[in-house]
Structure formats: C-alpha cells, structure tokens
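Okay, so here's the structure we're looking at.
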Amino acid sequence: MQPITLRPADGSDAEAVRDLVRAAYAKWIPVIGREPKPMGADYGKAIDEHDVLLACSGTTLAGIIETMLRADHLWIENIAVLPVLQGRGIGRMLLDAAEHRARRAGLPEVRLLTNAAFSDNVALYRRRGFEVTKEEPFMGGTTLYFTRHLVG
C-alpha cells in the first residue's frame, strides 16, 4: 500500500465516492436485512453541500469522511474505508482529520451515529473515546448516537 494522502473531494469524485461507500457498507446488508442508508445517498449533492475528505493510496480511493460544522459540534455524516484496506488505520486517520477540523473551528465535540449491529464500527468508535449518548429504534434495528468530547 502506498502512503495515504488526504484531499477534499470535488464533483468529479462523486461516482468513486459512491462506489467506495457501496463496497464498504455491503457487508452489513446480510446483518440488517437491507442496504444501509449511506449506500443510497447522492454523493454529488453530498460533495456540493458538505465537506468530504478523501483518503487516497496512490490513485486508489481508500476512504472518505463526510462532515458538517454545526453551532456546537462537528457532525460526521459518513465514514467509509475500502474493504481490502480496512484495519490499516485509514479510518483512524480520517477521524483524526475530523477532530482536527473541529478543534480548528473551536468546537468542543464530534458526533455521529451508526447502526448498533455494525459491530466493527461501534468498537472503533468506543476505542476512539466516543460515548453513546442516545439509542433509538430505526427500521427494525437500533441507532446509536455517539459523542466524543475533545480535550485541548
């Protein structure tokens, strides 16, 4: 694997982002019995309206993180890593970039949500210091809302 570089997405990246997200979330279809919501998102619109950061390994799109600045936190709408590159620190690198962005904006926390059945994701967020702040039923499953309070 070549070194990972980060760059903002632009409109020409929408198809590659969609393909990566679909690949990353596909493993959860049999777990929850449907396509996860991010698989059907309009990534052209997402890139136009939100901040989408790409993690690239050479010419390979390795991961993405989609964020939005809010008045009191940075919201992570989506984070996804190409399946063959998962477990190599790309997700952690993208979370680091989001936390750095929140700190630069003077925000005290980062928030996100995920399906409780996405065990790998839940474990990663817990290791990163995210805490569950809310649980609610959603489409036959449970949505977990996470918050990570930033220090310094």
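Quick notes
- Only one of the numbered conditions (1) in contact (Cβ under 8 Å) with a residue 24 or more places away in the chain; (2) surrounded by fewer than 21 Cβ atoms within 10 Å (Cβ to Cβ) is violated by Ile29, and that is (1).
- Scanning region 136-145 for residues that are touching a Ser or Thr at 6+ places or on another chain (Cβ under 7 Å) and either β-branched (Val, Ile, Thr) or surrounded by 14 or more Cβ atoms within 10 Å (Cβ to Cβ) (or both) gives Leu144, Tyr145.
Let's see how each residue does on (1) part of a helix (DSSP H, G or I); (2) surrounded by 15 or more Cβ atoms within 10 Å (Cβ to Cβ); (3) in contact with a Lys or Arg (Cβ under 8 Å, 6 or more places away or on another chain):
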position: Pro38; (1), (2), (3): yes, yes, no
position: Leu61; (1), (2), (3): no, yes, no
position: Asp72; (1), (2), (3): no, no, no
position: Val84; (1), (2), (3): yes, no, no
position: Arg92; (1), (2), (3): yes, no, yes
position: Ala98; (1), (2), (3): yes, yes, no
position: Leu113; (1), (2), (3): no, yes, no
position: Lys134; (1), (2), (3): no, no, no
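- Exactly one residue out of Glu77, Glu66 is in contact (Cβ under 8 Å) with a residue 24 or more places away in the chain and in contact with a helix residue (DSSP H, G or I) (Cβ under 9 Å, 6 or more places away or on another chain): that is Glu77.
- Unique residue being part of a helix (DSSP H, G or I) and surrounded by 15 or more Cβ atoms within 10 Å (Cβ to Cβ) when the list is Ala117, Ala123, Ala102, Ala80: Ala102
Readers should treat all values here as calculations from the given coordinates under stated rules, not as data from a laboratory. All figures in this text were calculated on a predicted structure; none of them were measured in a lab. Positions of Cβ are backbone-derived with ideal geometry, glycine not excepted, and every protein chain shown enters the neighbour counts.
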